[in-house]
Amino acid sequence: MKIHEYQAKALLAKHGVPVPRGEMVTTVEDAVKVAEKLGGGAVVKAQIHAGGRGKGGGVKVARTLDEVRDAANKILGMTLVTHQTGPEGRLVQRLLVEEMLPIEKELYLGIVLDRALGKNVFMASSEGGMEIEEVAHNTPEKILKEPIEPGMGLSPFQARKLAFGIGVPAASINAAVKAMQALVKANEELDATLAEINPFILTKDGGVVALDCKMNIDDNAMFRHKDLVELRDINEEDPLEVEASKFGLNYIKLDGNVACMVNGAGLAMGTMDIVKYSGGSPANFLDVGGGANAEQIRNAFRILLSDTAVKAILINVFGGILRCDTLASGVVAAARELNVQLPIVVRMEGTNFEQGRQILLDSGLNFTIANGMKDAAEKVVALAK
């Protein structure tokens with residue numbers, strides 16, 4: 001679950017990470033009122049689930065109340081296009097109005113999972129304010145890393161090593177170490193999959209502040225964080241993905257034209273790969289789960305058909321808990337109820353495969369039954385064209 005910058009800062013502040021004073025607003029007048037409380041000038045920042053807001057015109061420094069009003073008027077309600085939103089952009093419905101700070105230096109801090117090590121890694125860089133991917137590509141030696149041992153957090157010596165390594169002056173080392181350890185604690189206690197502060201600034205008076213931050217929370221851990229559910233902003237999510245989540249379907253919209261319905265995440269990834277390998281482009285990732293029922297299959301079909309880019313559907317199922325005859329019955333019922341006109345290619349293996357195949361053949365509907373994944377991918381790509 002992605003959350004907004006203002007929400008992430010509130011969570012980090014509770015764990016002891018220093019953040020700027022500021023408030024989230026939804027109107028121009030409220031933006032001016034917050035700026036008044038901050039002393040007149042402020043930084044006005046669009047709140048969307050995407051990076052690159054500054055380059056897209058979504059972050060403005062306003063030194064007077066009139067400038068705050070003007071900035072809020074321009075940003076609030078705009079369709080903000082960044083390299084992460086795609087050409088369609090995102091509608092700005094919230095603003096974060098924050099105090100201006102005297103910046104001495106911009107740094108980078110972040111925590112991500114290193115799958116090779118099997119543990120989280122703390123990353124720090126002297127190149128704050130830049131896309132960390134660019135730094136990794138152009139000057140990888142400027143990214144320092146320290147593994148975070150499970151249950152131990154970031155040790156003080158590790159934090160000091162990182163702080164000195166990225167150029168934090170001696171007078172600010174203790175504050176930087178404290179902020180780093182607080183970030184690790186927040187990341188662990190909140191079950192975050194990403195915790196990033198960019199930039200992490202040194203102020204002219206020797207202080208340290210998380211000037212901007214990004215945090216994602218693990219959906220699978222939400223049962224431990226009932227209080228965080230309200231932070232979800234469905235206006236920032238794809239409508240089809242939101243709809244799928246209501247029915248326990250794991251769905252992610254992509255930009256292709258071959259819809260994929262699969263049981264099991266690994267098989268879904270393999271299906272997308274072989275569609276691509278066969279010259280096609282997947283329209284989605286959709287895992288109906290091992291125990292899908294007829295209702296879920298019907299809803300899955302409805303969601304797939306809601307994507308106007310879809311030209312053909314590939315059903316790729318390995319019958320186990322979800323038997324092939326159960327799947328076939330659900331597919332036939334859904335295709336009839338929803339009056340599916342698109343070509344459908346079905347590849348089934350496993351429990352009750354023959355019965356499932358016969359149900360499809362006896363339906364009288366236009367199903368193409370494939371022999372193996374390669375055959376299925378080639379057929380659905382040809383039909384999509």
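Listed values, structure above:
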quantity	calculated
Test: residue in the stretch 134-146 that is surrounded by fewer than 18 Cβ atoms within 10 Å (Cβ to Cβ), within 19 Å of residue 16 (Cα to Cα) and of a type in the set (Val, Ile, Thr)	no
In the stretch 351-383, the residues that are surrounded by fewer than 18 Cβ atoms within 10 Å (Cβ to Cβ) and under 34 Å from the mean Cα position of the chain (by Cα)	372, 374, 375, 382
Long-range neighbours under 7 Å by Cβ, at least six apart or interchain, first residue closer than 15 Å to residue 263 by Cβ within the stretch 301-315, second of a type in the set (Ser, Thr, Tyr)	314/271
Pairs where the first residue, in the stretch 337-352, is basic (Lys, Arg) and the second is part of a loop (DSSP other than H, G, I, E, B), C-beta under 8 Å, 6+ apart	347/370; 347/371; 347/372
Unique match (being over 29 Å from residue 178 (Cα atoms) and surrounded by 14 or more Cβ atoms within 10 Å (Cβ to Cβ)) among 90, 63	90
Residue ID - surrounded by the most Cβ atoms within 10 Å (Cβ to Cβ), chosen from residues in the stretch 1-51 that are free of Cβ contacts under 8 Å to residues at least 60 places away in the same chain and part of a loop (DSSP other than H, G, I, E, B)	47
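For every residue, the table says whether it meets (1) over 26 Å from residue 3 (Cβ atoms); (2) of a type in the set (Asp, Glu).
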site: 119; (1), (2): no, no
site: 125; (1), (2): no, no
site: 140; (1), (2): yes, no
site: 146; (1), (2): no, yes
site: 153; (1), (2): no, no
site: 156; (1), (2): yes, no
site: 178; (1), (2): no, no
site: 191; (1), (2): no, yes
site: 200; (1), (2): no, no
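Read-outs throughout are calculated quantities, based only on the coordinates presented, and are distinct from any laboratory measurement. Being a predicted model, the structure only gives us computed values, none of them experimental. Cβ sites come from the backbone with ideal geometry, for glycine too, and all protein chains shown count toward neighbours.
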